[in-house]
Amino acid sequence: MSRAPKILIFDSGLGGLTVWGEVARLLPDARLVYAADDAAFPYGALREDILIARVLTVMQRLITLCAPDAVVIACNTASTLALPHLRAKFPEIPFIGTVPAIKPAASLSRSGLISVLATPGTVARDYTRELVRTYAAHCEVTLAGSRELAPFAEAFMQGKSVSDAAIAQEIAPAFVTSGDQRTDCVVLACTHYPLLLGHFERLAPWPVEWIDPAPAIARRTSHVLREQLGFPAAGPASAPHYAVFTGAMTLGPDLLEALRLRGIEKTIVEKVPLAA
Ligand code: DGL
């Protein structure tokens, strides 16, 4: 194949930019399209049947609009639920998902106390509980669901201030002690959370390993592109990256600068109202 591969990186909001960074670093020859379903943000608050239908509807529009060679679902809340539905509906396109990094946390932990910090949707999923059973049966796993952290990360990216006290309160349930042991690994199981990592490190009651799955997702994407789809490594992509928003996200100067720093100069609004 002589043309540049096109990868769509999808999330409910701006969290997928944490995966974007790793994919862009590993695959400089790929054309990247970022898509945020901001009209339906936050996914963590949606009922499961509504979320599945929503992701399928939006993905249909994005595939028609962007014609990607592969899609990264850079969202735990959507991946832990909708991946089989997406693969069934669009069998010609490889989907790379993002699911809680429980396996690496369980093998890294010395204390045996690990926590999964995620949206309320992700902590409630059968998929997440199955990961715990399969890979962390020897650990004490705390599932800490937060309604607020993803919106805080969005606000932060928009240049708004977020309260340290409010963030500290949201991460506190992930810090657990048992006898003389304490949590030593926290899985960042929402792609928004690495955007707040500086806050987390500063506000944590004690230091822990924060597990961000983005590098592993980028490696998986590279494997799919090179091995499965046969795109050889090449020089940097010449066509510009761009971003698509489904709603009315305010594209203020801070956000535009954050996008520009990631090589995204152009934004498109493709309205998909939540009721659609
Ligand atoms: N970034 C998404 C995730 O990884 C969730 C944010 C939301 O609730 O929409 O789970």
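The condition of being surrounded by 23 or more Cβ atoms within 10 Å (Cβ to Cβ) and either of a type outside the set (S, T, Y) or free of Cβ contacts under 8 Å to residues at least 60 places away in the same chain (or both) holds for only one of T80, T64, T142, T122, that being T80. Only one of (1) touching a Pro at 6+ places or on another chain (Cβ under 7 Å); (2) open to solvent by less than 40 Å² (accessible area, probe 1.4 Å) is not met by D212, so which one is it? (2) is the only condition that D212 fails.
Considering (1) within 14 Å of the ligand (Cβ to nearest atom); (2) at pLDDT 95 or above; (3) open to solvent by 10 Å² or more (accessible area, probe 1.4 Å), the lone condition that A45 does not fulfil carries the number (2).
Annotation note: of E130, E201, the sole residue that is under 15 Å from K103 (Cα atoms) and either more than 19 Å from the chain's Cα centre (by Cα) or modelled with pLDDT under 95 (or both) is E130. Considered as a group, the residues in segment 173-197 that are touching a helix residue (DSSP H, G or I) at 6+ places or on another chain (Cβ under 7 Å) and of a type in the set (S, T, Y) include one that is nearest to the ligand (Cβ to nearest atom), and that residue is T191. Of the residues making up segment 1-40, those that are open to solvent by 10 Å² or more (accessible area, probe 1.4 Å) and more than 12 Å from the ligand (Cβ to nearest atom) are M1, S2, R3, A4, K6, G21, E22, A24, R25, L26, P28, R31. For segment 184-197, state whether one or more residues are of a type in the set (G, A, S) and either at pLDDT below 95 or closer than 24 Å to P28 by Cβ (or both). No, every residue in segment 184-197 fails to be of a type in the set (G, A, S) and either at pLDDT below 95 or closer than 24 Å to P28 by Cβ (or both). If you go through segment 100-126 and pick out every residue that is within 10 Å of the ligand (Cβ to nearest atom) and small (G, A, S), you end up with 2. Against the definition (β-branched (V, I, T), buried (at least 24 other Cβ atoms within 10 Å of the Cβ), over 20 Å from A204 (Cα atoms) and within 16 Å of the ligand (Cβ to nearest atom)), how does V72 come out, yes or no? When the stated conditions are applied, V72 passes them. Collect the residues in segment 93-119 that are open to solvent by 40 Å² or more (accessible area, probe 1.4 Å) and touching a strand residue (DSSP E or B) at 6+ places or on another chain (Cβ under 7 Å), keeping them in residue-number order. Within segment 93-119, P104, L108 qualify.
Scanning segment 217-275 for residues that are open to solvent by 70 Å² or more (accessible area, probe 1.4 Å) and among the aliphatic types (A, V, I, L, M) returns A233, A248, L256, L261, V269, L274, A275. Taking each residue of segment 229-243 that is without any contact (Cβ under 8 Å) to a residue 60 or more places away in the chain and at positive phi and looking for partners that are β-branched (V, I, T) and open to solvent by less than 40 Å² (accessible area, probe 1.4 Å) with beta-carbon atoms closer than 6 Å, six or more apart or interchain, yields nothing.
The values are calculated or read from the model by the stated rules, or taken from the named source; none is laboratory data. Given the structure is predicted, the values throughout are model-derived calculations rather than measurements. Ideal geometry is used to build each Cβ from the backbone, glycine not excepted, and the neighbour counts take in all protein chains shown. Accessible surface is based on the protein model in full, side chains and every heavy atom, while ligands, DNA and RNA are left aside. Shrake-Rupley method; radii C 1.70, N 1.55, O 1.52, S 1.80 Å.
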